Structures are given as structure tokens and as C-alpha cells.
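The values are calculated or read from the model by the stated rules, or taken from the named source; none is laboratory data. Bear in mind the structure is a predicted one, so any value in this text is a computation, not a measurement. When we count neighbours, we look across all protein chains shown, and the Cβ atoms used for this are built from the backbone with ideal geometry, even at glycine. Note: areas computed on protein heavy atoms with side chains; ligands, DNA, RNA excluded. Shrake-Rupley method; radii C 1.70, N 1.55, O 1.52, S 1.80 Å.
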Amino acid sequence: MTAQRAAPDPGPAMLSQIFILSSKGDRLVHKGFRGEAGGGSTDLVDTFYRKITALPRDQAPVFMAHEGLHFVHVRHAGLYFVATTGHDVSPFTVIEFLNRLVTLIRDYCGSLSEKTVSLNFALIYELLDEMLDYGYVQTTAPDVLRNFIQTEPVLSKPCSLLDLGSVGLFGAETQQSKVAPSSAASRPVLPPHGDQGARNEVFLDVVERLTVVIAANGTPMKADIQGEIRLKSYLPSCSELRIGLTEEFCVGKAELRGYGTAVRADQCAFHSSVKLDEFESSRILKVTPSPGELPVMQYQLSDDLPLALPFHLFPTLERDPTGRLRVYLKLRCDLAPKSQALNVRVQLPVPKGVVSLAQELSSPEQTAELQPSLKAIRWVIPRVQGGSQLSALFKLEIPGLSSSSLLEVGPVNMSFELPMHTCSGLQIRFLRFTAPQPGLPHRWVRYVSHSDSYVIRL
């Protein structure tokens, strides 16, 4: 039930619309208050998204004007929180309101992501109803709103990551019991018959999955990392194992540690068996592994990645004198020269009706083929060395080629694997047993990054 309020004071900020967009420009939430949109709400969303993606992210203003309306926005967790107003309103007041809205959504839903907003759109609409009346801000106080909000939050399933940015370091000591132990921890890896052939080894894998969307002007629109530290033990029994992480590793944006380049995670979670008493002071995790696999730690980082993205693509599209469509792709690998990418695949959607494909590739180990069922060209590169550039020229014969056909080209989807590389910069300093082990077990640390989704718009 909506609270009874007095008539609004004409002094406060007057807002026309509030909408929340994903990093790809999808409208997740939209609410109008005064009917002042110059066109439909979809037109306004598209207008804002075109304006914001046409500029480099570090130059995108929080305040923009369009046909008598003003856009004010903030960006959190890859999402755009946007307010529009047709009146002379202090942008600082609107920014403060949007930031408080973000804080309230986090407080109610536990975390902030595209999935969280989609699952809790009803709750967010109810929040907006109580926070604003005819576009005037009424209250943002959690204690007041709690008396009127009736919708229960829907928690996202993959909530194994705990948001430690809002708790003192290290409140995780008290919260780690919320992370359910994985069934993989009891999975046997030793031979079933005795100890014959048992391997006296311990593997620690740092695995990261990268989700990226790059705008047509080369500006990253979304860059997320989902990471996990996994321990695989082949020892029948062992003493406590100490895992030393990068000393500059910090959780949340407020904390800075050490003197080197900061390695940051927005969210972090630990297995319930991990001891964290030395984590705050020395960034050391302690665990006593049993034979099998153990997910020691999971972490997430959104936007503002510490390292450059591994790939950038520079496309050129034109029609040659014979009427064919020429697509020239230059792929640059921005890894360090000693690093490399394996199993690189570039998928380029093309217009329907392509009857033939001619190609010129920059090296003989590359291959490319037209996949008619997918209406796409698949360019395969077995290995790309860091700092190198590769190119491909595709000549497509398309009957009835028109300028509108060019709109069907792209976006490019890439997949690849980066061995011995982490996009977050997280490293393992050491892997030690607290007590001597019989047989001198071998300890291995492996790093690998995968592309979960790597989209480049043309």
C-alpha cells in the first residue's frame, strides 16, 4: 500500500523518467512520472544509448541534453541508471538520488547485476513508487521505505560470491559459512585399488572467464571477469596448506594495499573449509585438502580491468568495382610478447544470400570458411603471439547487394584461451605445507583465462 503524503514541495528535484539499462542497451526497468517524453520511451532509451556509446567511456558526461530533456546517469556493475528531467534541476541532486537508488537495490537484493534487476523488477518498481511522487523525491531513507515495501526480493541462484565491499575486512570470517561446500570436494581422484600408481602431486588452478562487449568505436562497454581458484590434491593425506596471494589483492574499490599495481575484486567468496585468519594481514589462505577437488575461492570483477583487453579488432567494409562486398579484418593481440593465445576463433555474421567467398589470410596456418547455415564466416587461428597483428580479407559475392545489406554484417564473436595468463592480474606467491610431507610432493600452479563471451560491434 502506498503511503499517504502531503502535496509535494515545488522546491525539490523534479524527474520525468527513470530507466535502468544493461551494458548492451537493453531496457530492464522504465518508469515515467510526468508524461514529458518527447517521443516514446523506447526512442528515449535508444537516444541515450547512442549518445553514451558514441563517446569513450572516460569522457562520457553524466549530464547530457536532448530536445528539451536532460539525461543524468550513473554507472554501477555495468548497468546504466538514468534519470530524465525537463526542468532546471541540479544534476548533483539527481546523481545523489540515483546513487541512493543503487544502494537500496543492493540492500534489498544482496548484490547488483543485470540478473538481479531482472529478477526483482517488481520490487524496484515498488521502490520507485514510494521514493517518488509525480517526479518529486519523497524519501530515500531505508527505515521509512521498509514500512511500505511489500514485495519480497528474489535472490539470484549463483550467490556463492559474497559482496565484501560493504563489510569490514574481514567480515568474511563470519560470513564464509554461507558458502555451501561443493560436492566436488569429495570427488575421488586416487586409484580405486590401493595406492598403486598414486600421484604425489598438488595442483592449484587459477581459472578466469572473460565477458566483454566492445563498441564500434573501440570503447569497452562491458568487461567482467569471473574467477576461481581450484585445488586438486592427489595426496592421500597432508598437513595444512598455505596459499599466498598477490599482496596488493584488495576487495572492493575503497581499499588499496601495498605499493604495486592493485589487483582488485568487486566480490569474493571462500569455501567453508578455508581459514582466513591471515588473509587480512598477509593475503594468505589456509586449507587442509583431502583427496579430490576443492573450490578454494571465487571472485568477480566488473569494469575497470587492471590489464588491457587481450584483443582489438579493426574492421573495414566496402564494395569493390565488381559489386562484391570486401571485409578487411585486422586483429591485434595486446598480450605481453611472451604470452600467447590459443584456439582463437572469430565468428563474423554476413548478409544472407552469399553465394561465394574468396579469402586472403596473413599466415598459412590460419583457415576460414563460410557457414551458410549460420550465415557467418568462421576464421580460425591456432596460435597468436602477444604483440602481433593478423589480418584477413574476405570477398563476398552477394546477388542484389545494397547498402542495407551492410547492416547485417556483425557483430563479431570471438573465443580463445590464454594459458599462463590472468586478466585480473591475480598471482600466487607461494604454495607451502606447514609441516614436512613424506615423499616431497610436487606442487604446481597453473593459470588460464577463457573467453566466456567476447563481442565486438562493427
> Label points 7 Å out from Cα along the Cβ direction at residue 239 and residue 155: separation in nm?
Replying inline: 3.8 nm
> Counting only protein heavy atoms, what percent of the accessible surface of the range 217-348 is carbon or sulfur at a 1.4 Å probe?
Replying inline: 49 percent
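In what sequence, highest mean first, do 371-379, 81-89 appear when ranked by Cβ atoms within 10 angstrom?
Top of the packing list down: 81-89, 371-379.
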> Which entries in the list 352/395; 31/115; 222/352; 330/352; 338/395; 222/286 go over 25 Å, if you measure between the two C-alpha atoms of each?
Replying inline: 222/352; 338/395; 222/286
> residue 214's amide H: which non-local residues (gap 5+, or another chain) put their own amide H closer than 5 Å, with H modeled 1.01 Å from N in plane and none for Pro or chain starts?
Replying inline: 221, 455, 456, 457
> Say R0 is 51 Å: what FRET efficiency, to the nearest 0.05, do residue 34 and residue 228 get from their beta-carbon distance?
Replying inline: 0.60
> With labels modelled as points extended 7 Å from the Cα through the Cβ direction, what inter-label distance (nm, one decimal) is found for residue 308 paired with residue 125?
Replying inline: 4.6 nm
> Roughly what would the spin-label model give for residue 144 and residue 280, points 7 Å off Cα along C-beta, in nm?
Replying inline: 3.5 nm
